[in-house]
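The values are calculated or read from the model by the stated rules, or taken from the named source; none is laboratory data. Everything quoted here is computed from the prediction, not taken from an experiment. FYI the Cβ positions are ideal-geometry reconstructions off the backbone, even for glycines, and counts take in every protein chain you see. Ligands, DNA and RNA are stripped out before the accessible areas are found, and what is left, the full protein with its side chains, is counted by its heavy atoms. Shrake-Rupley method; radii C 1.70, N 1.55, O 1.52, S 1.80 Å.
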Amino acid sequence: MKLVRFSVMNKNWVFGKSIPFPCMRVFWVCSSLAAQKWVSSFSPSKSLDWHALLFLFLVILCLNPSHSVDLNPQDGASLLAFKSSIQDPNKNLSSWMGSNCSDWTGIACENKTGRVVSIKLSDMNLSGQINPGFCNLSFLEHLVLSQNNFSCSIPTCFGNLIRLRTVDLSGNRFQGVVPETLMKLENLEELVLVGNQYLKGPIPSWIGNFSTKLQKLDLGFNSFSGELPESLSNSTSLKYLDLRNNYLKGDVFDFQQPLVLLNLMSNRFSGTLPCFSACKQSLTVLNLANNSIFGGVPTCIASLRALVQLNLSSNHLTYKMSPRLLFSEQLLVLDLSNNDIYGPLPSRIVETIEKSGLVLLDLSHNRFSGGIPSKITELRSLQALFLSHNLLVGEIPARIGNLTYLQVIDLSYNFLSGSIPLNIVGCFQLLALILNNNNLSGEIQPELDALDSLKILDISNNMISGEVPLTLAGCKSLEIVDFSSNNLSGNLNDAITKWSNLRYLSLARNKFIGNLPSWLFAFEVIQLMDFSSNKFSGSIPDVNFNICSNFNSGDISRPSKDPFAAKKVVNFKVSTAVDVGSELRFNYDLSSAVGIDLSNNLLHGSIPEGLFSLEGLQYLNLSYNILEGQLPGLENMQSVRALDLSHNYLSGEIPGNISILEDLTLLDLSYNCFSGLVSEKQGFKRFPGAFAGNPELCVESSGEGCRSTGYPTVPGKISDSESEGPISVWVFCLSAFVSFYLGTVSLLCSARARNYFLHTKA
């Protein structure tokens, strides 16, 4: 903040005149955000008189002038014509009456003439057609209709508003092409049409040279196609060009003007990267992500000395990164992810590591190999490090904890080995630690409880052993925990109960033992828990299932049409962004069915009826256990999409009618001990293999009567006819062995036979 002080004690000079004013001090405050205000204070003075009071009154009048400006009648008529042709459901324009311009919402007038010079009607839910009379506002300089629901074409008469300096029609549904009449707006400085997905056609060839004052052109998130017009590369006044998320193609220009921002992401551009030589000292943001640019990253890109953000992700870039590719200390974001770059990770990224302000480094989804260079741990400003989906080997750098500002570490899907370094607790601001699908070993260190801000902890698909430390109770912010596919063992301890914000918990495919704890269903916002393929025993706790809000609400969006895919492939996508203050914004999106998986354990006893009353549950897998008892009705499971109770010892009749369960796409009750009749009216007809391996069960089939389900018909099982040969041979061999053994014993027990054998041997 910049502070300039004017002190008035005995005299003050204002506009060159000496004014007696003995008591007032005036301070002018100008912040870096361009906010300006007057701050006044008084100090005691013996000579305070009516002159001072009069002057103070005049100052107040000057600082707060009357906003009563009479609206020009002609302009008022044009505005009312505009209002009459649109829909205004929120009555935002109800103040448009009378002659005082300041009373008209969103309207600003010139003080002397009352002519309308500015219209700003953002985010008012306006829609309809724009009346041609609107274009009679000939003194209009600023037009902002952003974030509304206009769905007409851009009026051609806008070209008559030749005094326009700003046009912002973003966030609407304007359609068609950009009218050629806009080329008459020679004073235009900003044209913002972003977010009108029905605007289409080629970008007009005149777009770069119709105004010598045009500084900002934003046509992003539309449906423009074709190649870039040549005029854009020569527009000398243009500073900010944003054409992201269109269908543009062709090569990227080597622009000839000093651009400040160039965003061409999510188009169909191809060719190799130019050097942008004319932008060496000006370009701060270069975003060419999600195109089809090929070749290598040229070293000349590093000559862009003002570059703050460089995003070349999701292209076809290849080759090794040159050791001469060293960026300036200004660089905050470097994203080269989702390419085909190979070779070792660069040991240096910026010229002077000590002065680097790099906040985000994303080199994931490439073919980098070798170890993680220790120099990365010297990027002290780093807040997000993404190196996943590469071919990296070796250990995680022991000094990783030096990066005290780190919030996200993703080293997943590599070939890293060794243990998780204890020094990592130095990253005390860490929000996500993602190390899955490596060759990490060792145990979970108790000291990890120091990461009390951690929201995501994923160490799945490694070789980590030992028990879950009690001290992890200190990680109270955890929301996603995945320990699956390791060698963890022991009983579940109460540390997990402290993770009250849990949304996803997987301990699958480990060696945990003991009874399932009573707190298993005590997490209020849990979305999926997977304890499958362990050695848990005992019964399923019969507790209050109403605590889990997601299990009891059918409002969770369905992530996939395939219920088992939705369960097995649990995706959480971490997204980060860096704002103007170099601060990282962290977010993640969890895509998973709402479900419970306790399959492939040693659980016995009956299934609690409360499990079958959970209206929000989409997935339930209790297969391959020793569960017994009768099956409750399924009618209350209104959101269920996959139910697997196969390979247990459940008995009794199949109850209820599942016709109302429209979302149910997978049902497996095979290989149990069910009996009785399953009627067609119960709605099970669409699951023909659901009852295989239940010999006492008859399934009613139209035209065929009662059909036995004693023969296995589900995948992974063989029929009796296929297994008859091997089983018969096995039984025969066993019988022969037993007969031979018994015969031999009988002979040896006979005295005559024993003497005969002994005599023969002698």
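A compact table of results
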| read-out | value |
| --- | --- |
| Condition check for residue 136: open to solvent by 70 Å² or more (accessible area, probe 1.4 Å), in contact (Cβ under 8 Å) with a residue 60 or more places away in the chain and over 15 Å from residue 86 (Cα atoms) | yes |
| Cβ pairs under 9 Å, 6+ apart, first in segment 421-444 and over 11 Å from residue 460 (Cα atoms), second open to solvent by less than 40 Å² (accessible area, probe 1.4 Å) and charged (D, E, K, R) | 432/410; 432/458; 433/410; 433/458 |
| Residues of segment 435-450 that turn out to be in contact with a Phe, Trp or Tyr (Cβ under 7 Å, 6 or more places away or on another chain) and assigned to a loop (DSSP other than H, G, I, E, B), as a count | 2 |
| Per-region count, segment 153-175, residues touching a strand residue (DSSP E or B) at 6+ places or on another chain (Cβ under 7 Å), of a type in the set (D, E, K, R), within 19 Å of residue 213 (Cβ to Cβ) and part of a loop (DSSP other than H, G, I, E, B) | 1 |
| Unique match (being open to solvent by less than 20 Å² (accessible area, probe 1.4 Å) and of a type outside the set (Phe, Trp, Tyr)) among 391, 331 | 331 |
| Subset of segment 104-116 (residues that are surrounded by fewer than 19 Cβ atoms within 10 Å (Cβ to Cβ) and part of a strand (DSSP E or B)) | 108 |
| Residue list for segment 65-93, restricted to those being of a type outside the set (A, V, I, L, M), open to solvent by 70 Å² or more (accessible area, probe 1.4 Å) and under 47 Å from the mean Cα position of the chain (by Cα) | 67, 84, 87, 89, 90, 91 |
| Per-region count, segment 493-522, residues surrounded by 16 or more Cβ atoms within 10 Å (Cβ to Cβ), more than 30 Å from the chain's Cα centre (by Cα) and more than 22 Å from residue 549 (Cβ to Cβ) | 1 |
| Any strands (runs of 3 or more DSSP E) falling wholly within segment 334-378 and containing at least 3 residues that are among the hydrophobic types (A, V, I, L, M, F, W, C), in contact with a helix residue (DSSP H, G or I) (Cβ under 7 Å, 6 or more places away or on another chain) and at pLDDT 95 or above | none |
| Index of the failed condition, residue 678 passing every other in (1) at pLDDT 85 or above; (2) within 21 Å of residue 616 (Cα to Cα); (3) of a type in the set (A, V, I, L, M) | (2) |
| Subset of segment 269-312 that is assigned to a strand (DSSP E or B) and over 25 Å from the mean Cα position of the chain (by Cα) - its residue that is surrounded by the fewest Cβ atoms within 10 Å (Cβ to Cβ) | 295 |
| Near pairs, Cβ below 8 angstrom, 6+ apart or cross-chain, from segment 199-228 (part of a strand (DSSP E or B)) to any residue that is surrounded by fewer than 19 Cβ atoms within 10 Å (Cβ to Cβ) and among the basic types (Lys, Arg) | 216/239; 223/200; 224/200; 225/200; 225/249; 226/249; 227/249 |
| Subset tally (residues that are open to solvent by 10 Å² or more (accessible area, probe 1.4 Å) and aromatic (Phe, Trp, Tyr)) for segment 357-388 | 1 |
| Residue under evaluation residue 612, criteria (1) outside any strand (DSSP E or B); (2) out of contact with any Lys or Arg (no Cβ under 6 Å at 6 or more places or on another chain); (3) open to solvent by 10 Å² or more (accessible area, probe 1.4 Å), criterion not met | (3) |
| Residues satisfying the stated conditions in segment 227-236, i.e. in contact with a strand residue (DSSP E or B) (Cβ under 9 Å, 6 or more places away or on another chain), exposed (fewer than 15 other Cβ atoms within 10 Å of the Cβ) and farther than 17 Å from residue 288 by Cα | none |
| Matching residues, segment 469-483, being open to solvent by less than 10 Å² (accessible area, probe 1.4 Å) and under 15 Å from residue 529 (Cβ atoms) | 478, 480, 481, 483 |
| Meets criteria (surrounded by 18 or more Cβ atoms within 10 Å (Cβ to Cβ) and under 36 Å from the mean Cα position of the chain (by Cα)) for residue 589 | no |
| Every residue from segment 670-706 that is touching a residue at least 40 places away in the same chain (Cβ under 8 Å) and closer than 24 Å to residue 638 by Cα | 670, 674 |
| Failed condition for residue 221, given (1) within 23 Å of residue 280 (Cβ to Cβ); (2) open to solvent by 80 Å² or more (accessible area, probe 1.4 Å) | (1) |
| Residue satisfying all of: in segment 182-203; over 15 Å from residue 223 (Cβ atoms) and open to solvent by less than 40 Å² (accessible area, probe 1.4 Å); farthest from the chain's Cα centre (by Cα) among these | 185 |
| Sole exception among (1) open to solvent by less than 30 Å² (accessible area, probe 1.4 Å); (2) within 26 Å of residue 270 (Cα to Cα) for residue 323, by number | (1) |
| Segments classed as strands (runs of 3 or more DSSP E), wholly inside segment 473-533, with at least 1 members that are under 22 Å from residue 618 (Cα atoms) and touching a Phe, Trp or Tyr at 6+ places or on another chain (Cβ under 6 Å) | 480-482, 528-530 |
| Any hit, segment 656-669, residues being touching a residue at least 40 places away in the same chain (Cβ under 8 Å), open to solvent by 10 Å² or more (accessible area, probe 1.4 Å) and within 30 Å of residue 489 (Cβ to Cβ) | yes |
| Of the criteria (1) over 30 Å from residue 69 (Cα atoms); (2) open to solvent by less than 20 Å² (accessible area, probe 1.4 Å); (3) modelled with pLDDT of 95 or more, which one residue 211 fails | (3) |
| Residue tally, condition more than 34 Å from the chain's Cα centre (by Cα) and acidic (Asp, Glu), over segment 207-255 | 1 |
| Residue 253 assigned to a loop (DSSP other than H, G, I, E, B) and surrounded by 16 or more Cβ atoms within 10 Å (Cβ to Cβ) | yes |
| Close pairs from segment 111-132: first on the phi > 0 side of the Ramachandran plot, partner of a type in the set (Ser, Thr, Tyr) and surrounded by fewer than 17 Cβ atoms within 10 Å (Cβ to Cβ), Cβ under 8 Å, at least 6 apart | 128/85 |
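Each row is one residue, and each column tells you yes or no for (1) more than 29 Å from residue 587 (Cβ to Cβ); (2) within 26 Å of the chain's Cα centre (by Cα); (3) at pLDDT below 95.
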residue	(1), (2), (3)
418	yes, no, no
441	yes, no, no
444	no, no, no
459	no, yes, no
465	yes, no, no
482	no, yes, no
487	yes, no, no
